[in-house]
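The values are calculated or read from the model by the stated rules, or taken from the named source; none is laboratory data. Because the structure is a prediction, the values reported are computed rather than measured. Using ideal geometry, Cβ is built from the backbone for each residue, glycine included, and neighbour counts are taken over all protein chains shown. Protein only, heavy atoms only, side chains kept; ligands, DNA and RNA dropped before computing areas. Shrake-Rupley method; radii C 1.70, N 1.55, O 1.52, S 1.80 Å.
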Amino acid sequence: MHIIVGLGNPGREYARTRHNVGFDVIDVLSEKLNIPVNKSAMHGLTGSGFVGGEKVLLVKPQTYMNLSGQCVSELVSFYKPDMADLMVVYDDIDLPLGKVRLRASGSAGTHNGMRSIIGLLGRQDFPRLRVGVGGRPEGWELADWVLSSYATKEERETQFEAFLRAAQTVEDWVRHGFDSAMRTANAPR
């Protein structure tokens, strides 16, 4: 089983903000793969289905971002996946707007949701897919920046293209493995 967790904050006020990239990618996957994400379980909304004969679980934690590890640790305790079969999708302020980057493992960096996950799992050896939201402009507080919406039509189009690329990367990962997914994530735009 492959578990794909998209990080975000629950609630309408956070929808389509920079910090909810993970939810947006899960929404694209849900629609593309015809897997509704509407079952409440383990502090998250989940949906399960099959991709290329592989069972997948799509997850949107329903705790706030800083407590994302609660949902993920419960999923890992229950399903006991190989850590290489757990992928977390989230926003990254250190990547340019629309850039997608896949890694097999690593630290949380500046992301509090990933800090929560790594802290509760006690390990960081699982794939993560980061989607760039751009750096905080001068004069902005970080929290205000990541909770802001995309200001222009061009920004919204750039991010939607990134969501599509991220969803394709996840699908390639499930169907063909990590190396194939890496090529998809790194392909020229």
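Per-structure values
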| quantity | calculated |
| --- | --- |
| Residue list for the stretch 1-27, filter: at positive phi and either of a type in the set (Ser, Thr, Tyr) or in contact with a Ser or Thr (Cβ under 6 Å, 6 or more places away or on another chain) (or both) | ARG16 |
| Test: residue in the stretch 79-93 that is of a type in the set (D, E, K, R), open to solvent by 70 Å² or more (accessible area, probe 1.4 Å) and either under 15 Å from the mean Cα position of the chain (by Cα) or closer than 22 Å to GLU13 by Cα (or both) | no |
| Single condition LYS55 does not satisfy, out of (1) part of a helix (DSSP H, G or I); (2) touching a residue at least 24 places away in the same chain (Cβ under 8 Å); (3) over 19 Å from HIS111 (Cβ atoms); (4) open to solvent by 60 Å² or more (accessible area, probe 1.4 Å) | (1) |
| Members of the stretch 141-157 found to be over 19 Å from TYR90 (Cα atoms) and surrounded by 10 or more Cβ atoms within 10 Å (Cβ to Cβ), listed by number | GLU154 |
| Residue check, GLU171 open to solvent by 40 Å² or more (accessible area, probe 1.4 Å), of a type outside the set (Phe, Trp, Tyr) and at negative phi | no |
| Sole residue being surrounded by fewer than 18 Cβ atoms within 10 Å (Cβ to Cβ), within 15 Å of the chain's Cα centre (by Cα) and closer than 20 Å to GLY69 by Cβ, chosen from ARG128, ARG103 | ARG103 |
| Filtered residue count, the stretch 141-171, keeping only those that are of a type in the set (Asp, Glu) and closer than 30 Å to GLY53 by Cβ | 2 |
| Restricting the stretch 158-168 to residues that are of a type outside the set (A, V, I, L, M) and surrounded by fewer than 20 Cβ atoms within 10 Å (Cβ to Cβ), the residue that is farthest from ASN20 (Cα to Cα) | GLN168 |
| Residue pairs meeting the criteria (Cβ under 8 Å; at least 6 apart or on separate chains; first on the phi < 0 side of the Ramachandran plot and at pLDDT 95 or above, in the stretch 28-46; second open to solvent by 100 Å² or more (accessible area, probe 1.4 Å) and assigned to a loop (DSSP other than H, G, I, E, B)) | LEU45/ASN38 |
| Residues of the stretch 1-26 classified as open to solvent by 40 Å² or more (accessible area, probe 1.4 Å), touching a residue at least 12 places away in the same chain (Cβ under 8 Å) and not basic (Lys, Arg), total | 2 |
| Qualifying positions in the stretch 58-78 - β-branched (Val, Ile, Thr) and open to solvent by 10 Å² or more (accessible area, probe 1.4 Å) | THR63, VAL76 |
